[in-house]
Amino acid sequence: MSEPMILRARVQAPIKEVRHALTDPAAMRVWLAEHVEVDPPERYAFWGRHTPEGDAPHQRLLHTDDRTVRFAWTLDGVETTTEFSVEEDGPGATIVSVSQSHYDHQEALEGKNIRGVLQTYWCLVLANLAEHFDGRELTPKIDFTARDLRAGVLIDAAPGEVFESLIDSEAASSWFGYPIAIEPYVGGRFAMGGFDNPDPAKILELETGRKLSVDWGPVGVGTWELEGSGGKTRLTLMQSGFEGELPPYAAWGGILAGLSELRRFHEVPGWQPIWVE
């Protein structure tokens with residue numbers, strides 16, 4: 001079995017408060033899942049439409065202490081292992097890590113099984129945990145029961161500023177946390193990883209300050225629509241025209257996790273990414 005996938009994010013809250021939020025059902029219903037039942041050391045369960053295979057709880061608590069919560073999680077008939085851990089990061093801040101077994105990036109690209117969503121799913125979960133402690137409106141979660149992939153948020157910045165951060169290579173690379181090379185015109189390349197990418201996405205529509213559509217190939221067309229009011233921007237995202245029996249939930253989760261950081265990029269003074277190498 002390959003090494004577990006590990007994500008680390010900085011949360012602006014003391015370690016005791018963050019650790020409590022990892023096992024408090026009321027808090028978990030805010031940042032994690034619709035339905036939660038937690039009773040250590042016997043039970044750690046969450047399910048609902050925002051959870052992969054969330055028709056019923058599929059978790060089994062393995063271990064919990066002051067710094068760690070570890071549980072088994074059966075997905076697509078395979079028992080995986082997930083672990084939350086926390087460590088202090090100076091006064092009033094905490095590094096939260098998620099370790100996830102049985103994740104394969106190639107399988108995620110090919111959409112072979114539901115475990116392919118786990119990386120972007122946990123990215124969005126950690127982003128919402130950070131937003132929960134910041135007192136910010138949470139980013140829309142993935143709805144694993146829906147085929148209509150659509151989400152909307154209000155950003156405290158003018159449409160021109162938000163649009164520029166979508167089409168400027170340097171800005172987009174900053175908030176998305178991954179190199180992106182963009183040719184900002186219809187027919188231009190939108191290349192994750194840079195222009196050396198042999199199979200870049202293609203810009204289908206570009207209306208300055210109003211709309212951007214990108215053809216991502218098998219995972220469909222992503223569209224960003226912007227509408228301004230009072231110096232703020234209502235940003236609506238849609239993913240359509242995808243192939244396969246199931247919607248591209250993994251790609252959609254990555255877009256939503258990026259949306260969380262896009263909002264912070266525009267709204268948080270002295271913005272720094274929540275992600276820790």
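Laboratory data are not the source of any read-out in this text; all were calculated from the coordinates shown. Quantities reported herein were computed from a predicted structural model and do not represent experimental measurements. Glycine gets a Cβ as well: all are built from the backbone with ideal geometry, and neighbour counts include every protein chain shown.
Let a ≥ b ≥ c be the square roots of the eigenvalues of the Cα gyration tensor of region 67-198; is it rounded (a/c under 1.5), or, if not, prolate (a/b larger than b/c) or oblate? Verdict is oblate for region 67-198. Dipole magnitude for region 149-246: computed about the Cα centre from +1 point charges on Lys and Arg Cβ and -1 point charges on Asp and Glu Cβ, it is near 240 debye. Quick one: grab the alpha carbon gyration tensor of region 1-145, order the square roots of its eigenvalues as a ≥ b ≥ c, and give me rounded if a/c is under 1.5, else prolate or oblate depending on whether a/b is larger than b/c. Here region 1-145 falls in the rounded category. The GNM of the chain, with springs linking C-alpha atoms under 10 angstrom apart, assigns the highest mean-square fluctuation among 188, 135, 160 to 135. Given that just one value was derived from the coordinates, which of (i) 33; (ii) 49; (iii) 40 is percent of Cα pairs over 29 Å apart? Computing percent of Cα pairs over 29 Å apart and matching it to (i) 33; (ii) 49; (iii) 40 gives (i).
When you count the other C-beta atoms within 10 angstrom of each residue and take the mean per peptide, 240-247, 226-233 line up highest first as 226-233, 240-247. Multiplying the residue separation of residue 197 and residue 78 by 0.36 nm and subtracting their alpha-carbon distance yields 39.6 nm. For region 5-134, the dipole from Cβ point charges (+1 on Lys and Arg, -1 on Asp and Glu) about the Cα centre works out to 60 debye, to the nearest 20.
Over the chain, Cα pairs under 8 Å with separation of 6+ residues give a relative contact order of 18 percent.
Each residue of region 180-186 was assigned a 3J(HN,Hα) from its phi angle through the Karplus curve 6.51 cos²θ - 1.76 cosθ + 1.60 (θ = phi - 60°); the sequence is 10, 10, 10, 9, x, 7, 4 Hz, with glycine and proline shown as x. Taken one residue at a time, the phi angles of region 65-75 give Karplus couplings (6.51, -1.76, 1.60, θ = phi - 60°) of 8, 5, 10, 9, 10, 10, 9, 8, 9, 8, 10 Hz. Gly and Pro are set to x. Rounded, prolate or oblate, given the Cα gyration tensor of region 149-246, with a/c below 1.5 counting as rounded? Here region 149-246 falls in the oblate category. Look at the alpha carbon pairs under 8 Å that are at least 6 residues apart: their mean separation over the length of region 5-134 gives a relative contact order of 28 percent.
Dividing the helix sum by the residues of the chain, where each DSSP H run of 4 or more adds -39500 (n - 2.57), gives a mean residue ellipticity at 222 nm of -8000 deg cm²/dmol. To the nearest 20 debye, what is the magnitude of the charge dipole of the chain about its Cα centre, counting +1 on the Cβ of each Lys and Arg and -1 on the Cβ of each Asp and Glu? Dipole of the chain, to the nearest 20 debye: 380 debye. The 3J(HN,Hα) values that the Karplus relation (6.51, -1.76, 1.60; θ = phi - 60°) gives for region 261-273 are, in residue order, 6, 4, 4, 5, 4, 8, 10, 9, x, x, 3, 9, x Hz. Gly and Pro appear as x. Computed from label points 7 Å out along Cα-Cβ, the spacing between residue 24 and residue 168 is 3.9 nm. Averaging Cα coordinates gives a centre for region 196-213 and one for region 158-189; these two points are 9 Å apart.
If the chain linking residue 16 and residue 137 were pulled fully straight, counting 0.36 nm for each residue of separation and taking away their Cα-Cα distance, it would gain 41.3 nm.
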